[in-house]
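Peer 1: Quick one: structure below, then a few questions.
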Amino acid sequence: MRPQITRLLVVFGVAIASLVVARHYLIPPTFGKLGHYRAAAVDTVAARKVKYAGHEVCALCHEAIAKSHGAHRHRNVACEVCHGAAAGHADAPTDIKPPAPRQRAACPLCHGYDPSRPTGFPQIDPVAHNPLKPCSTCHEPHAPETPRTPEDCSACHAEIARTKAVSHHAALPCTRCHETPQQHKINPTASLPTKPVKREFCGGCHAPGAPGAKEIQRVDMATHNERYVCWQCHYPHFPELK
Ligand code: HEC
Ligand code: HEC
Ligand code: HEC
Ligand code: HEC
Ligand code: HEC
Ligand code: HEC
Ligand code: HEC
Ligand code: HEC
């Protein structure tokens, strides 16, 4: 036999031998009993200590807080999201105490400005928004209503306001294009502002004969891309095209 074939046979022999050894000695005994996993894993996991109690349990002893919490805008943020896993505390309330996130850094985790969050999700700039004081001096964490109605659209639409501020439309107030009911600033989703729907709205300033400063660029409404609404090409909060 050629020596290279002998070597190959030895390699195969060793590989097969180790597989047989592994099958007999290394695979846990309950493997494969219920499927392609270790059947005893179910018991191992079930034997672990439960760390979360669930918010219904907290309500048994902290009735007033739970009631207030359930009636305000944090109602969908469970107690243990802020206070950490607290099953130990629920079992032995005076021995184990869950921490309360009093430091300023805790709230911007959800409320710090991030453009990927949905339009109007309550966001603030943690550096500029009433610095140094803990958030809970002004916002009760279990009833986090804003202390007063924000006056400016930018309180909730910061990205749009910042974009518009450096555009040719900087001088136009938001309400020139969006009729905004006062209620929108208190309960935004329940009463929405209007949005322009027709080309003629923009034509109100940009058509050749329209009133307004002569610096406003005019376009012929009948021929300037007449088949599309203007904001298909010009973002209204930053209308210039580069
Ligand atoms: C069996 C009753 C009971 C349950 C259930 C319970 N607590 Fe408490 N909790 C207490 C008592 C009593 C105290 C006051 C302890 C003290 O000050 O000695 C307390 C205190 C606290 C504190 C304040 C700790 C501090 O440092 O002041 C927090 C926060 C808290 N609980 C959160 C929770 C959360 C979250 C849950 C649900 C997972 C929960 N509790 C479930 C009885 C309970
Ligand atoms: C958004 C985060 C957040 C959520 C959700 C939350 N808490 Fe708190 N909780 C806090 C903060 C912050 C404090 C500290 C308030 C302070 O010291 O002014 C606190 C304080 C407490 C205290 C101490 C007593 C007090 O008023 O100082 C208890 C008890 C408590 N929370 C229970 C609960 C329970 C029960 C729930 C769920 C029904 C809950 N919390 C949900 C943030 C939260
Ligand atoms: C786990 C994410 C989360 C954390 C942490 C959190 N919040 Fe909230 N907060 C929310 C959600 C969700 C809403 C409701 C948004 C809605 O109704 O559209 C909300 C609403 C609010 C509002 C109401 C804004 C308005 O326009 O009326 C305030 C104020 C607020 N939170 C303050 C706080 C403070 C202070 C803390 C820290 C103690 C905190 N939040 C921590 C998720 C969070
Ligand atoms: C000195 C008081 C004060 C402190 C401290 C404070 N806020 Fe506010 N917050 C306000 C007021 C007043 C408003 C109403 C809107 C406005 O005028 O900016 C507000 C509005 C908000 C809003 C609503 C914005 C929206 O889009 O609806 C959120 C969320 C918020 N604050 C979170 C926080 C967080 C998080 C902290 C801590 C990092 C904090 N606040 C600290 C006074 C305060
Ligand atoms: C308290 C926070 C808040 C303030 C203040 C606020 N908005 Fe909004 N706005 C929202 C939220 C949240 C939405 C998203 C509603 C939705 O998608 O259901 C929204 C949506 C909108 C929309 C889109 C409506 C649609 O049909 O898609 C416009 C336009 C708008 N806001 C304009 C304004 C203008 C203009 C102002 C100032 C005069 C303003 N908003 C002030 C929270 C606010
Ligand atoms: C020149 C008119 C004009 C001005 C000024 C203007 N908008 Fe708009 N806005 C529009 C138009 C047109 C749309 C609809 C765009 C679409 O449907 O694609 C719109 C859409 C929106 C939307 C829906 C979400 C989005 O991004 O499309 C929001 C929110 C909004 N505007 C808020 C504001 C706020 C806040 C201001 C002031 C900072 C403002 N707008 C100023 C014309 C304007
Ligand atoms: C209330 C009047 C008014 C309305 C309504 C208006 N604009 Fe303007 N627009 C202006 C002014 C003012 C300028 C800046 C003129 C200048 O350069 O000084 C401008 C500039 C522009 C520019 C030129 C940017 C450049 O590159 O020079 C475009 C494009 C534009 N607007 C598109 C629109 C669109 C699209 C709409 C409708 C959603 C609209 N405008 C609605 C007043 C208006
Ligand atoms: C299909 C895309 C498209 C649509 C739709 C469109 N525009 Fe334009 N617009 C452009 C382009 C590209 C330019 C720059 C080249 C040019 O001057 O033709 C421009 C330029 C402009 C200018 C600047 C002209 C100047 O002299 O600097 C204004 C103002 C303007 N458009 C307003 C509008 C208005 C108002 C509407 C809706 C009635 C509209 N546009 C619809 C693509 C479009």
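Peer 1: Of the residues in the stretch 15-31, how many are modelled with pLDDT under 90 and not aromatic (Phe, Trp, Tyr)?
Peer 2: So the count comes out to 7.
Peer 1: Could you grab me the full set of residues in the stretch 117-141 that are under 22 Å from Ala66 (Cα atoms) and open to solvent by 80 Å² or more (accessible area, probe 1.4 Å)?
Peer 2: Result: Thr137, Glu140.
Peer 1: Restricted to the stretch 224-242, and to residues that are without any contact (Cβ under 8 Å) to a residue 60 or more places away in the chain and open to solvent by less than 90 Å² (accessible area, probe 1.4 Å), which residue is farthest from ligand 1 (Cβ to nearest atom)?
Peer 2: Within the stretch 224-242, the match that is farthest from ligand 1 (Cβ to nearest atom) is His224.
Peer 1: Among (1) part of a helix (DSSP H, G or I); (2) free of Cβ contacts under 8 Å to residues at least 40 places away in the same chain; (3) more than 11 Å from ligand 5 (Cβ to nearest atom), which single condition is Ile216 missing?
Peer 2: That leaves (1) as the condition not met.
Peer 1: Among the residues of the stretch 66-85, are any more than 16 Å from ligand 8 (Cβ to nearest atom), closer than 30 Å to Ala161 by Cβ, among the hydrophobic types (A, V, I, L, M, F, W, C) and exposed (fewer than 13 other Cβ atoms within 10 Å of the Cβ)?
Peer 2: no
Peer 1: Kindly evaluate Leu192 against the criterion of being of a type in the set (A, V, I, L, M, F, W, C), on the phi < 0 side of the Ramachandran plot and open to solvent by 70 Å² or more (accessible area, probe 1.4 Å).
Peer 2: Yes, satisfied.
Peer 1: Quick check on this structure: which one of Thr189, Thr194, Thr223 is more than 8 Å from ligand 8 (Cβ to nearest atom) and closer than 12 Å to Cys177 by Cα?
Peer 2: Among Thr189, Thr194, Thr223, only Thr194 is more than 8 Å from ligand 8 (Cβ to nearest atom) and closer than 12 Å to Cys177 by Cα.
Peer 1: Do the conditions hold for Glu159, that is, is it closer than 28 Å to Gly70 by Cα and either surrounded by 14 or more Cβ atoms within 10 Å (Cβ to Cβ) or assigned by TED's automatic domain parsing to the domain that holds Pro118 (or both)?
Peer 2: Details: closer than 28 Å to Gly70 by Cα: no; either surrounded by 14 or more Cβ atoms within 10 Å (Cβ to Cβ) or assigned by TED's automatic domain parsing to the domain that holds Pro118 (or both): yes.
Answer is no for this residue.
Peer 1: What pairs can you find where one residue is in the stretch 177-191 and among the basic types (Lys, Arg), the other is open to solvent by less than 50 Å² (accessible area, probe 1.4 Å), and their Cβ atoms are less than 9 Å apart, with a gap of 6+ or different chains?
Peer 2: Note: pairs meeting the criteria are Lys185/Pro150; Lys185/Cys153; Lys185/Ala155.
Peer 1: Would you say Ile124 is among the β-branched types (Val, Ile, Thr), under 30 Å from Asp152 (Cα atoms) and touching a residue at least 12 places away in the same chain (Cβ under 8 Å)?
Peer 2: yes
The values are calculated or read from the model by the stated rules, or taken from the named source; none is laboratory data. In this text the structure is predicted, and so the values were computed from the model without any measurement. Every residue, glycine among them, receives a Cβ derived from its backbone with ideal geometry; neighbour counts consider all protein chains shown. Areas reflect the complete protein model, heavy atoms only, side chains present, ligands, DNA and RNA absent. Shrake-Rupley method; radii C 1.70, N 1.55, O 1.52, S 1.80 Å.
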